[in-house]
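Structure, as structure tokens:
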Amino acid sequence: MDLGALFGNYNNFLDFTVGGLVFGAIYALIALGYTMVYGVLQLINFAHSEVVMYGTFAVAWTFVFFHGTGDASWSLGRALPILLVAVVAAMLMSGGIALLVERFAYRPLINRNAPKLIALISAIGASFALAEAMGLRDKFAKWFHLNEKLANYTSSPGSSGKAMGQARDVYSNPVSIQPHGLFHIGGYEVTDVDLLVIVAALVMMFALDSFVRRTKFGRGIRAVAQDPESAALMGVNSTRVVQVTFLVGGLMAGVAATLYMIKIGSTRQDAGFILGVKAFTAAVMGGIGNLRGALLGGLLLGVMENWGSAVFGSEWKDVVAFVLLVLILLVRPSGLLGEALGKARA
Amino acid sequence: MIRSKKSLRGLAALVGVAALTLSACGSSNNDNKSTSGDSGSKSALCGKNLAFLGALTGSAGALGQNMVNGINLALKDYNAKNASCKVSLKTFDSQGSPDKAPALATQIINDDSIFGLIGPGFSGESLATGKTFFEAGLPSISPSATNVTITQQGWTTWHRVIGNDDAQGAADAKYLTSTAGAKKVYVIDDGQDYSKGLAGKVKSSLGSAAIGSDQITVGQTDMSAVVTKVKASGADAVFYGGYYTEAGLLAKQLRQGGFTGKFMSGDGAEDPNFVKVAGAQAANGALLSAPAGPAPSGFGATGLYATQAYDATNIFLAALKDGAKDSEAINKFIGSYTGDGASGPIAFDSHGDIKQSTIYVYKVANGTLDVDHPEAIK
């Protein structure tokens, strides 16, 4: 244990903390998808990790489409036009996948009043199917004789234009986005990328919070979350509400995927797994079913991971995160801000 | 290079044991082979086969293809000169997986026509199948498996024509301090057997120049905590033991975090994908070592490990020319073999390790990994 690594130097402490907040913001955005679906259906959507993963690919594909395959290092400003297209593409992709999951993995079961456990298993199945489909995308391309044309989309784009590697291998955005320092807090230089990730996450969170609290659809979501039967009797179309909930979670995942790709720059067909587990943890930590809890849980988890890495060594990062989860649940079984989505004040 | 996790290997070992019990009759067939040789100038092994076991498909399939090209080149030369005593190749595709290799090992030892094995390709599958081949008495030469522990198992039929991870680790440490001029090195690994072995050897060889170490996990993408630690330590070089995805992410985030020192990693990261993941700007200047050099000019096969596979094949063929008639004689011949191969001078110690190996450093410049002009570490 090395407390000096964390607290010995004020600048290092800020470094660890801001680094944690940035990734925590991404966790939080993904956690929204888990928490929304849980609030409405009391089900964990285990396929949500794949919803995010598809978004990350959409971002990289957008760059390959508009920029080509040549390696480049761009500033955030220069990448902005393509990024704006990419965020739309990622939101469409993630939203679309989320709707597919709802349509094929959930709705048939919910309509037949299947036990909740069955829907959970069906979601896990959907998660595997989606991840493997991404890993096999080169084979699908071949079926349609598009493997030549799509080579740079089915496996990592080579700088000379010739694709390399395999569909299951890491897939990188040819454009890596170089962060630039904006201002200092103490000795820590806050970069434009850090700021963008945190601000974008907060804005999306605020927008979603307003959507749930202030719009007609939001009222529908809260009504179904509180009491699906009464809501149906009052004329709320619960199928539509569930659909919108999945869609909104998917859209948030698309934004998270874009921020992730700005920060990390490469993805894989199994990249969703760890992100999903962490975001799920964040959702539970903050109180699953609670939107603001997801934000708090995400940021807390991100910071704690980094502090844990500093004090115990990076190999203990996940241990610290999950021990913290257990401790929080021991004291507050419903999470930090544990209250149901439906009970949120209007 | 090991491309497996510990748990997989444990499972593979179980499968290996199962394969072994099933293969009892196979090994006796192998023994029969030795008695049926004719005593003339023509070896009993004429018309028989060498086997290749390794990845031909899957994520590391390209490496196995390189090896097979090297083997075929050696066989082509030999068969052209010895039309009366041709040798051919049977390939067994393990996809580099320690789970798939044991079943193929059983097939190989039950095949009477196979008198020697080039492979296995990777360390995981080598550990999973070594006992099977050893008990069947089938001599093998691996062109590419580098884990240190393989040659410590007492499998006297197992050889490799490539430097092991310890040789690489010691050479990397030397390169960092003497050639690259690093005085404070931060050592990081991903916790896997290969990575821990290599990084551990680098750290112990560096001695007091190793000023700190940390361990990340496979699949980790956010390296911000490690980056902060490296910067706080004042290191002027980072050594990373692991594979190209995490290596690329680490190099990228170190540079973005303002780290300006050297970045070095081993053969697990020596892949063009390292540059893609890190991005050209962050990858530039990276040093990636490997126990294999480029082919000599005019060599008829390309790619990493092609020369090693070519050399391994030639050792078997030399045994044939020397008049070896059975597995035992071939194994004895390999043990005492000395010669100059396409990959360098070859001789084996009593464990089956190559006595003298050269480690090469491949450099990333102008956004590409220069695979043709590595620098040999002396």
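The values are calculated or read from the model by the stated rules, or taken from the named source; none is laboratory data. Treat the numbers as computed from the prediction; the structure is a model and nothing was measured. Heads up, the Cβs are rebuilt from the backbone with ideal geometry, glycines too, and the neighbour counts pull from every protein chain shown.
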Taking the stretch B:237-261 and keeping only residues that are out of contact with any Phe, Trp or Tyr (no Cβ under 9 Å at 6 or more places or on another chain) and farther than 22 Å from A:LEU14 by Cα, one is left with none
Quick check on the stretch A:54-74. Is at least one of its residues over 20 Å from the mean Cα position of the chain (by Cα), within 14 Å of another protein chain (Cβ to nearest Cβ) and polar (S, T, N, Q)? yes
Which one of these does A:SER309 not meet: (1) crowded, with 24+ Cβ neighbours inside 10 Å; (2) polar (S, T, N, Q); (3) closer than 18 Å to A:LEU32 by Cβ? (3)
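Picking from A:GLY289, A:GLY338, which residue would you name as being surrounded by fewer than 23 Cβ atoms within 10 Å (Cβ to Cβ) and either away from chain B (no Cβ under 14 Å) or part of a loop (DSSP other than H, G, I, E, B) (or both)? It would help to see each step written out before you state the result.
Details: A:GLY289 fails: surrounded by fewer than 23 Cβ atoms within 10 Å (Cβ to Cβ).
Checking each option against the conditions leaves just A:GLY338.
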Within the stretch B:222-237, does at least one residue satisfy the condition of being in a loop (DSSP other than H, G, I, E, B) and in contact with an Asp or Glu (Cβ under 9 Å, 6 or more places away or on another chain)? yes
So which residues in the stretch A:264-276 are over 14 Å from A:ALA253 (Cα atoms) and touching a residue at least 12 places away in the same chain (Cβ under 8 Å), if there are any at all? A:GLY265, A:SER266, A:THR267, A:ARG268, A:GLN269, A:ASP270
Does B:GLY200 fit the bill of being without any contact (Cβ under 8 Å) to a residue 60 or more places away in the chain, of a type outside the set (S, T, N, Q), more than 7 Å from chain A (Cβ to nearest Cβ) and out of contact with any helix residue (DSSP H, G or I) (no Cβ under 8 Å at 6 or more places or on another chain)? no
Take the stretch A:1-28 and flag every residue that is more than 9 Å from chain B (Cβ to nearest Cβ), in a helix (DSSP H, G or I) and either more than 24 Å from A:GLY286 (Cα to Cα) or of a type in the set (D, E, K, R) (or both). A:LEU3, A:GLY4, A:LEU6, A:PHE7, A:TYR10
Are there any strands (runs of 3 or more DSSP E) wholly within the stretch B:326-378 with 2 or more residues that are under 30 Å from B:VAL275 (Cβ atoms) and modelled with pLDDT of 90 or more, and if so which? B:360-365
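Find the residue count for the stretch B:286-303, including only residues that are hydroxyl-bearing (Ser, Thr, Tyr) and either within 18 Å of B:TYR175 (Cβ to Cβ) or free of Cβ contacts under 8 Å to residues at least 40 places away in the same chain (or both).
First, the residues of the stretch B:286-303 that are hydroxyl-bearing (Ser, Thr, Tyr): B:289, B:297, B:302.
Subset that is either within 18 Å of B:TYR175 (Cβ to Cβ) or free of Cβ contacts under 8 Å to residues at least 40 places away in the same chain (or both): B:289, B:297.
Number of matching residues: 2.
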Any residue at all in the stretch B:245-256 that is crowded, with 24+ Cβ neighbours inside 10 Å and in contact with an Asp or Glu (Cβ under 7 Å, 6 or more places away or on another chain)? yes
Looking at the stretch A:183-202, which of its residues are without any contact (Cβ under 8 Å) to a residue 60 or more places away in the chain, away from chain B (no Cβ under 12 Å) and over 17 Å from A:ILE262 (Cα atoms)? A:PHE183, A:HIS184
B:SER289 being part of a strand (DSSP E or B) and not basic (Lys, Arg): yes
Take A:ILE177 and decide whether it is touching a strand residue (DSSP E or B) at 6+ places or on another chain (Cβ under 7 Å) and either in a helix (DSSP H, G or I) or surrounded by 14 or more Cβ atoms within 10 Å (Cβ to Cβ) (or both). yes
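Output the residue which, of all residues in the stretch B:240-285 that are among the hydroxyl-bearing types (Ser, Thr, Tyr) and touching a residue at least 12 places away in the same chain (Cβ under 8 Å), is nearest to the other protein chains (Cβ to nearest Cβ). Before the answer, list the steps.
Of the stretch B:240-285, the ones among the hydroxyl-bearing types (Ser, Thr, Tyr) are B:240, B:243-245, B:260, B:265.
Adding the requirement that they be touching a residue at least 12 places away in the same chain (Cβ under 8 Å) leaves B:240, B:243-245, B:265.
Working: B:TYR240: 12, B:TYR243: 10, B:TYR244: 8, B:THR245: 5, B:SER265: 15 Å.
Step by step, filter the stretch B:240-285, then rank; the result is B:THR245.
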If you go through the stretch A:149-160 one residue at a time, do you hit one that is surrounded by fewer than 17 Cβ atoms within 10 Å (Cβ to Cβ) and part of a helix (DSSP H, G or I)? no
Selection from the stretch B:69-121 of residues that are within 17 Å of B:ILE162 (Cβ to Cβ) and surrounded by fewer than 22 Cβ atoms within 10 Å (Cβ to Cβ): B:ASN69
Test: residue in the stretch A:120-137 that is out of contact with any Gly (no Cβ under 9 Å at 6 or more places or on another chain), within 14 Å of chain B (Cβ to nearest Cβ) and either surrounded by 20 or more Cβ atoms within 10 Å (Cβ to Cβ) or touching a residue at least 60 places away in the same chain (Cβ under 8 Å) (or both): yes
